[in-house]
Amino acid sequence: MAFSAAISHSSSRILSSRAFSRCEPKPKQEKKEKICFIPSHCGGPLHTLRHSPTCRLDVVSQMGKNESSCIQVFSSVTDVSLDNSMERVDLPKGDMWSVHKFGGTCVGSSQRIKNVAEIIINDNSLGKLVVVSAMSKVTDMMYELIYKAQSRDDSYLTALDAVLEKHKSTAMDLLDGEELASFLSRLHHDVNNLRAMLRAIYIAGHATESFSDFVVGHGELWSAQMLSGVVRKLGVECTWMDTRDVIIVNPTSSNQVDPDFEESEQRLEKWFSQNSSKTVIATGFIASTPQNIPTTLKRDGSDFSAAIMGALVRARQVTIWTDVDGVYSADPRKVSEAVILKTLSYQEAWEMSYFGANVLHPRTIIPVMRYDIPIVIRNIFNLSAPGTMICRPSVDEDGDDEKLDTPVKGFATIDNLALVNVEGTGMAGVPGTASTIFGAVKDVGANVIMISQASSEHSVCFAVPEKEVKAVAEALQARFRQALDAGRLSQVAVIPNCSILAAVGQKMASTPGVSATLFNALAKANINVRAIAQGCSEYNITVVVKREDCVRALRAVHSRFFLSRTTIAMGIVGPGLIGATLLDQLRDQAAVLKEEFNIDLRVMGITGSRTMLLSDVGIELTRWRELMKENGEVADLEKFTKNVHENHFIPNTVLVDCTADAGVASYYYDWLRRGIHVITPNKKANSGPLDQYLKLRALQRKSYTHYFYEATVGAGLPIVSTLRGLLETGDKILRIEGIFSGTLSYIFNNFIGTRAFSDVVAEAKESGYTEPDPRDDLSGTDVARKVIILARESGLRLELSDLPVQNLVPEPLQASASAEEFMKQLPQFDKAMAKQRQEAEDAGEVLRYVGVVDVIKEEGRVELRRYKKDHPFAQLSGSDNIIAFTTTRYQKQPLIVRGPGAGAQVTAGGIFSDILRLASYLGAPS
């Protein structure tokens, strides 16, 4: 056999295949050994003598007076003493072995155990060592048995019957014949022993840790026995291993043990010489101390068992089978775009698991690192998924994917933390201060997650679990009472409700700009960082943030670092003419933006004044009108805002106000304060009361929340951005003059020859250039608001009431009852406008309605003016706008911006341009 040929004896002779045939176990007599619990009143502490040749239990407790002083308990662990009559078989080591570990969910039912058996059979490795956990929920059930027995709750008997029935029914579904009879006999035998043990605990009211470990470990024994029976039933030689006979560990604390690899290797050699087989099913989680006392490997013990066994046999690979496709770049419950990582280095897996990622416990990695044995995380419910390999990275590793050129491999978070800050000038340069601080923390048994210290030694800040912070604070207050009273220490402050965010990646080491990118992404998501730590290895950067900001922070850095894709949650306020046009433009361009520029724009909500439509994943824009009718609900702006900003997996939020409503504009400050970006063509906020405008801009400037309003002036024309560009490059604005109203531009471009003014206004109204009531345009208020916006952008502090505005609505008609009444009476005033036109024509000029910002005089005005026919303002056609900037650089020849200044398409286009500018600021390619 190939397997036997791969194994060498110490004398280098090739052993015959007979040595590797399955060793049929000799009939063994279960050793019935009396465990005598001697009450203290009988002259000694309660003490168990022995439970098997390889396991010894000590239980110290107190029995009731009326209970029997001696209880007989039988062990379920068999004698594995070496049969000297058998030919010795050396344990082969190396690449011929593959190790598999199956967790509780993998063996949670009879069908799943069958699936595991199929995986074992389909592995073509020469040697297979399979580590199994107890069936799903069984370990919890066993701990509950002990708890009930200790509490003297008689229901432990019913609970034990449930454990028996669970395994009995599973076995009857899996096995038959002699295999079934053998297992059921052992199962009943074990349960009878457990019943006696639990009775002893019930009497004593207490169980030692080793006694509890022995009880709990039965779940693994039974699952290993059942699985080995199924594998044999499928025609493959197989034996099972009680790892308490092999894995020896030294307890170091209540929740940690250290493997004794030398002793474990010797015991494995001994075990294999009696039980050699190509396929071994081993129990996970359980082990023994050097004194042969049963114990467990504590948290994630089965993974640890697999790693230890892999190291002992120098396996080719250790595969951890679970219910996820592999290790994610971030918690997929918090970041929907998280992806499976193809590879992780040992160090990366170590760091991510420390910070709470669902990878492996850090100690699981230690045994396999010694021999460069890779660990593969795979999904038993999705065999097509390749999983994640944890291994030593190759020198020429280029990353997981050509598209993912990032030094950061993944992100992890720890919640429910508090920061403790010990601060004072008396700490600087005083030896032993840090030792005193952390000595006090150690005394209360608290776990320090992260430490950050200022180089001045003025303060030491560290994070601990929130449930432990009260004890830590009290201990520090007591330890430093004298220093606090003397003023050498100013405070021991606690900052509750914190979370840790860690960025992990081996390529982060010596890669410039990683920290800058991380903190830039956090800043642009409006996340405040409370503490920072980075180890000299540079494998991780750790930051502390507010608990409520943690998920948003995680999404922001994951999107910026890992996906290189900008995803923005959008809320559209006002699906009227402009809003509807914008939604249609987004619909038509969304696919191109996502594919070519990695910009993912998701409309999470649309609201009008009466109805709103909400979504958690993004509204289907091809049907938004129908969806508004079918699924619309009563409009509620606060609920709308919350849905768009909080109830999704997207870190960046923008609300687009397509209304002209002052009430909606009043929400801008609150939106920006909450970290929501704002884009709008609504002029009411920037032209409203000066103090509110200044407050709004001050908030926007001091944060990374963006407020874009290009379309408030000139629709889609770059008026505001041009003005800002001039100012930011050091130019000085002297004067801004322009035709800012597309409606009035159209009217005066067509008010020529002998045409009546009222006819031109009626034509403009019918063509859709005017508001429903043309007086809203002719009053000049809209132009005045644009002038105020540009004046304030130029640094002038003007109120709307400071501007003289020439109202083109005849005074007698300003109070007309309706737009229809106004249009009916307007012809009566045509003569006055015709006279002004004639006077201009006689002088070789034209009439134009303009707004002016005079920065030198610190004033603005809106009026009907005359311009020579060769002036740029006289050359307009249709509804074009034109704006002239006179500056110190453009003094002789003003800088002119001209183009369409009205219409839903161009206004929506201007808003869309601002959305793309926001995406660029948030990390999208420009």
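Out of the residues in region 117-138 meeting the condition of being in a strand (DSSP E or B) and open to solvent by less than 10 Å² (accessible area, probe 1.4 Å), tell me which one is farthest from VAL99 (Cα to Cα).
VAL132
Taking region 760-771, which residues are closer than 18 Å to GLN825 by Cα and in contact (Cβ under 8 Å) with a residue 40 or more places away in the chain?
Across region 760-771, the qualifying residues are VAL761, ALA762, LYS765.
Look through ASP776, ASP842, ASP802 and report the one residue that is closer than 20 Å to ILE736 by Cα, without any contact (Cβ under 8 Å) to a residue 60 or more places away in the chain and surrounded by fewer than 17 Cβ atoms within 10 Å (Cβ to Cβ).
Details: ASP776 fails: closer than 20 Å to ILE736 by Cα; ASP842 fails: closer than 20 Å to ILE736 by Cα.
Step by step, each of ASP776, ASP842, ASP802 is checked, and only ASP802 is closer than 20 Å to ILE736 by Cα, without any contact (Cβ under 8 Å) to a residue 60 or more places away in the chain and surrounded by fewer than 17 Cβ atoms within 10 Å (Cβ to Cβ).
Which of the helices (runs of 4 or more DSSP H) found entirely inside region 735-833 contain at least 3 residues meeting this: among the hydrophobic types (A, V, I, L, M, F, W, C)? Working first, answer last.
Values: elements: 742-750, 757-766, 775-778, 781-793, 819-825.
Hits in region 735-833: 742-750, 757-766, 781-793, 819-825.
So SER228 ticks every box in (1) free of Cβ contacts under 8 Å to residues at least 24 places away in the same chain; (2) in a helix (DSSP H, G or I) but one. Which box is left unticked?
So the condition that SER228 fails would be (1).
Any idea how many residues of region 809-839 are touching a residue at least 60 places away in the same chain (Cβ under 8 Å) and of a type in the set (A, V, I, L, M)?
4
For region 561-628, which strands (runs of 3 or more DSSP E) that fit wholly inside it have 2 or more residues that are modelled with pLDDT under 90 and at negative phi?
Those strands (runs of 3 or more DSSP E) span 566-573, 599-607.
Would you mind stating whether SER336 is over 29 Å from MET135 (Cα atoms) and either in contact (Cβ under 8 Å) with a residue 12 or more places away in the chain or part of a helix (DSSP H, G or I) (or both)? Steps first, please.
Working: over 29 Å from MET135 (Cα atoms): yes; either in contact (Cβ under 8 Å) with a residue 12 or more places away in the chain or part of a helix (DSSP H, G or I) (or both): yes.
Considered against the rule, which asks whether it is over 29 Å from MET135 (Cα atoms) and either in contact (Cβ under 8 Å) with a residue 12 or more places away in the chain or part of a helix (DSSP H, G or I) (or both), SER336 comes out as yes.
With the checklist (1) surrounded by fewer than 21 Cβ atoms within 10 Å (Cβ to Cβ); (2) outside any loop (DSSP other than H, G, I, E, B); (3) touching a residue at least 40 places away in the same chain (Cβ under 8 Å) in hand, flag the one item GLU262 doesn't pass.
(3)
Evaluate region 534-553: report whether one residue or more is touching a residue at least 40 places away in the same chain (Cβ under 8 Å), under 30 Å from ALA908 (Cβ atoms) and touching a helix residue (DSSP H, G or I) at 6+ places or on another chain (Cβ under 7 Å).
no
Collect the residues in region 598-613 that are surrounded by fewer than 17 Cβ atoms within 10 Å (Cβ to Cβ) and either under 30 Å from the mean Cα position of the chain (by Cα) or of a type in the set (D, E, K, R) (or both), keeping them in residue-number order.
Listed by number, the list holds a single entry, ARG610.
Got a number for residues in region 277-300 being crowded, with 24+ Cβ neighbours inside 10 Å and under 19 Å from LEU227 (Cα atoms)?
7
For region 262-285: of the residues being touching a helix residue (DSSP H, G or I) at 6+ places or on another chain (Cβ under 8 Å) and under 18 Å from ARG232 (Cβ atoms), which is modelled with the lowest pLDDT?
It comes out as SER276.
For region 342-375: of the residues being at pLDDT 90 or above and touching an Asp or Glu at 6+ places or on another chain (Cβ under 7 Å), which is least open to solvent (accessible area, probe 1.4 Å)?
Of everything passing the filter in region 342-375, THR343 is least open to solvent (accessible area, probe 1.4 Å).
Consider LYS101 carefully, then state whether it is in contact with an Asp or Glu (Cβ under 8 Å, 6 or more places away or on another chain), not in a helix (DSSP H, G or I) and not β-branched (Val, Ile, Thr).
Yes; evaluated as a whole, the condition is true for this residue.
Of the residues in region 457-508, how many are surrounded by fewer than 21 Cβ atoms within 10 Å (Cβ to Cβ), in contact (Cβ under 8 Å) with a residue 40 or more places away in the chain, in a loop (DSSP other than H, G, I, E, B) and out of contact with any Gly (no Cβ under 6 Å at 6 or more places or on another chain)?
The qualifying residues number 1.
Starting from residues that are of a type in the set (Gly, Ala, Ser) and in contact (Cβ under 8 Å) with a residue 12 or more places away in the chain, keep the ones in region 429-438 and report whichever is surrounded by the most Cβ atoms within 10 Å (Cβ to Cβ).
ALA434
Considering region 170-179 alone, what residues qualify as being open to solvent by less than 60 Å² (accessible area, probe 1.4 Å) and either under 14 Å from ALA224 (Cβ atoms) or in contact (Cβ under 8 Å) with a residue 24 or more places away in the chain (or both)?
Residues of region 170-179 that are open to solvent by less than 60 Å² (accessible area, probe 1.4 Å), as a first pass: 170-171, 174-175, 177, 179.
Within region 170-179, THR170, ALA171, LEU174, LEU175, GLU179 meet the criteria.
Scan region 853-874 and give yes if some residue there is farther than 17 Å from LEU744 by Cβ, assigned to a loop (DSSP other than H, G, I, E, B) and open to solvent by less than 30 Å² (accessible area, probe 1.4 Å), otherwise no.
yes
Residues of region 875-888 being surrounded by fewer than 16 Cβ atoms within 10 Å (Cβ to Cβ) and either in a strand (DSSP E or B) or at pLDDT below 95 (or both), which ones?
In the first step, residues of region 875-888 are kept if they are surrounded by fewer than 16 Cβ atoms within 10 Å (Cβ to Cβ); the result is 875, 877-878, 888.
Correct list: GLN875, SER877, GLY878.
Scan region 157-169 residue by residue and report those that are aliphatic (A, V, I, L, M) and either more than 20 Å from SER109 (Cα to Cα) or open to solvent by 10 Å² or more (accessible area, probe 1.4 Å) (or both).
LEU157, ALA159, ALA162, LEU164
Which of the residues belonging to region 425-448 are in contact with a strand residue (DSSP E or B) (Cβ under 7 Å, 6 or more places away or on another chain) and in a loop (DSSP other than H, G, I, E, B)?
Of everything in region 425-448, those that are in contact with a strand residue (DSSP E or B) (Cβ under 7 Å, 6 or more places away or on another chain) and in a loop (DSSP other than H, G, I, E, B) turn out to be ALA446, ASN447, VAL448.
What number of residues within region 180-206 are open to solvent by less than 10 Å² (accessible area, probe 1.4 Å) and either assigned to a loop (DSSP other than H, G, I, E, B) or among the polar types (S, T, N, Q) (or both)?
1
Could you go through region 809-821 and let me know if any residue there is of a type in the set (A, V, I, L, M, F, W, C), touching a strand residue (DSSP E or B) at 6+ places or on another chain (Cβ under 8 Å) and buried (at least 18 other Cβ atoms within 10 Å of the Cβ).
Within region 809-821 (the criterion being of a type in the set (A, V, I, L, M, F, W, C), touching a strand residue (DSSP E or B) at 6+ places or on another chain (Cβ under 8 Å) and buried (at least 18 other Cβ atoms within 10 Å of the Cβ)), the answer is no, since none of the residues qualifies.
Of ASP396, ASP415, which residue is open to solvent by 60 Å² or more (accessible area, probe 1.4 Å), within 30 Å of VAL339 (Cβ to Cβ) and modelled with pLDDT of 90 or more?
ASP415
Filter region 682-727 down to the residues that are small (Gly, Ala, Ser) and within 36 Å of the chain's Cα centre (by Cα), then identify the one that is modelled with the lowest pLDDT.
Going residue by residue through region 682-727, those that are small (Gly, Ala, Ser) are 685, 687-688, 698, 703, 711, 714-716, 721, 725.
If we keep only those that are within 36 Å of the chain's Cα centre (by Cα) too, we end up with 685, 698, 703, 711, 721.
On the way: ALA685: 94, ALA698: 90, SER703: 75, ALA711: 93, SER721: 93.
Among them, the one singled out is SER703.
Being touching a residue at least 24 places away in the same chain (Cβ under 8 Å) and of a type in the set (Lys, Arg) is the filter; apply it to region 729-759 and report the residue that is least open to solvent (accessible area, probe 1.4 Å).
ARG735
The values are calculated or read from the model by the stated rules, or taken from the named source; none is laboratory data. Keep in mind that what you see is a predicted model, and the values were worked out from it rather than measured. Here the Cβ is made from the backbone with ideal geometry for all residues, glycine too, and neighbour counts use every protein chain on show. What goes into the accessible areas is simple: the full protein's heavy atoms, side chains included, and nothing from ligands, DNA or RNA. Shrake-Rupley method; radii C 1.70, N 1.55, O 1.52, S 1.80 Å.
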